[in-house]
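Each value in this text was obtained by applying a stated rule to the coordinates, not by laboratory testing. Quantities reported herein were computed from a predicted structural model and do not represent experimental measurements. With ideal geometry, Cβ positions are generated from the backbone for all residues, glycine too; neighbour counts draw on all protein chains shown.
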Amino acid sequence: MTTLREIKKSSLGKGWIESFDNADEVVRVCKSRPLNRAAGFNKDEQEREYPSFTGVKNWNEACELLRTGYQPAVDAMKTGIKANLAGQGKRISLHNDVVGYAPIVPLAIMGVPQSMQNAYMKPIKAKVLDIYYDMTVACFADKDDLQKAGCKLLAAIMELEMQGYKFNLYAIQSYSDGGSFDMICTKIKSSNTPLDLRKISFPLTHPGYFRSIGFDWYSRMPKSKYRDGYGHGLAYDYNEDQLRKGFKELFGNNAVVFAAQKMLDKDSEHIKTIITNQKVG
């Protein structure tokens, strides 16, 4: 299922947002659409081969990686997650207490009040947040940059899920000229399902999803506006506070936005701080 809506006014400008339930739907829809030649699009991304820029031989290879997953990113994410979660305490811990489920005999004999062993469980915060990740980057950013940025986001999400947070995760791309934008928004994880590293690896970390499949969507979307050089991401026009405000206007109070362009020099702690400071509507 897809939805296309017009944004007539927002703090990020005006434009169009097309939302997809999953990445496979993006490919299916693009196969059925002609180029939007009326808007000025003349390059057929489904026929282009530009591996040094897209990270894939062609559009068909991008579709195959979308289906099967991008294994180098899966391996990198697993490594990053293990390192990030190392030392995280278990939810259940044992303490000496005046009440409990088992006596500590030596302490009881000595008359120590805290002579019972009790179990404590760390409280879980029942929060559901919508994470919007804009992987739009400039031409000089390579696949390693995108992979690192995506892995940082994922490591933070994994750690917070262990603490009780739940997330809907959306991969987005924005094509802006500073006053208007076209945006594709693809849901890649629901809050009621576990993370599937293979499934999210390509749309979260690989330039082929942006520069091959995404460019193809942009050139075929019926309402898209041609921008010189295909425009640029919203993160190049607005700071983090402005982006957060704008995405709440576009997607509601539970929306939290991260842009790859602004994450290249940030770590997972920065990401976690932004998420945990969000107020859920």
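Cross-link pairs exceeding 24 Å in C-alpha to C-alpha distance, out of LYS9/LYS189; LYS166/LYS225; LYS14/LYS148; LYS199/LYS225; LYS14/LYS223, comprise LYS9/LYS189; LYS166/LYS225; LYS14/LYS148; LYS199/LYS225. The antiparallel fraction among DSSP beta bridges confined to the chain stands at about 55%.
Taking a point 7 Å out from the Cα of LYS245 in the direction of its Cβ, the residues of segment 4-19 whose backbone N falls within less than 20 Å of it are 7-15. Measuring between their Cα centroids, segment 122-177 and segment 7-68 lie 20 Å from each other.
Taken about its Cα centre, the chain carries a charge dipole of roughly 620 debye when the Cβ of each Lys and Arg holds +1 and the Cβ of each Asp and Glu holds -1. Straightening the chain between ALA138 and ASP267 buys 44.4 nm, computed as 0.36 nm per residue apart minus the Cα-Cα spacing.
For a straight C-alpha distance cut-off of 20 angstrom, the aspartates and glutamates reachable from LYS43 (same-chain residues fewer than eight places away being disregarded) are GLU61, ASP177, ASP182, ASP216, ASP228.
The calculated FRET efficiency for LEU35 paired with SER11, based on their beta-carbon distance and R0 = 35 Å, is about 0.65. With both labels modelled 7 Å from their Cα along Cα-to-Cβ, the ASN96 to LYS78 distance reads 4.3 nm. When the charge dipole of segment 127-184 is built from unit charges on Cβ atoms (+1 for Lys and Arg, -1 for Asp and Glu) and taken about the Cα centre, the candidate among TYR175, GLN163, ALA138 whose Cα reaches farthest toward its positive end is GLN163. Most tightly packed first, judged by the mean number of other beta-carbon atoms within 10 Å of their residues, the peptides 145-156, 1-12 read 145-156, 1-12. Against the main long axis of the alpha-carbon atoms of the chain, helix 59-68 sits at an angle near 20°.
Once both axes come from the Cα atoms, what is the angle between helix 240-251 and the longest principal axis of the chain, in degrees from 0 to 90, rounded to 10? So the inclination is approximately 80 degrees. The amide H of SER115, built 1.01 Å from its N in the peptide plane, has ASP97 as neighbours under 5 Å, considering only residues 5 or more places off or on other chains. With a simple spin-label model that places each label point 7 Å from the Cα along the Cα-to-Cβ direction, the separation between ASN192 and THR68 comes to 3.3 nm. Axis of helix 143-162 versus longest Cα principal axis of the chain: the two differ by about 40°, to the nearest ten degrees.
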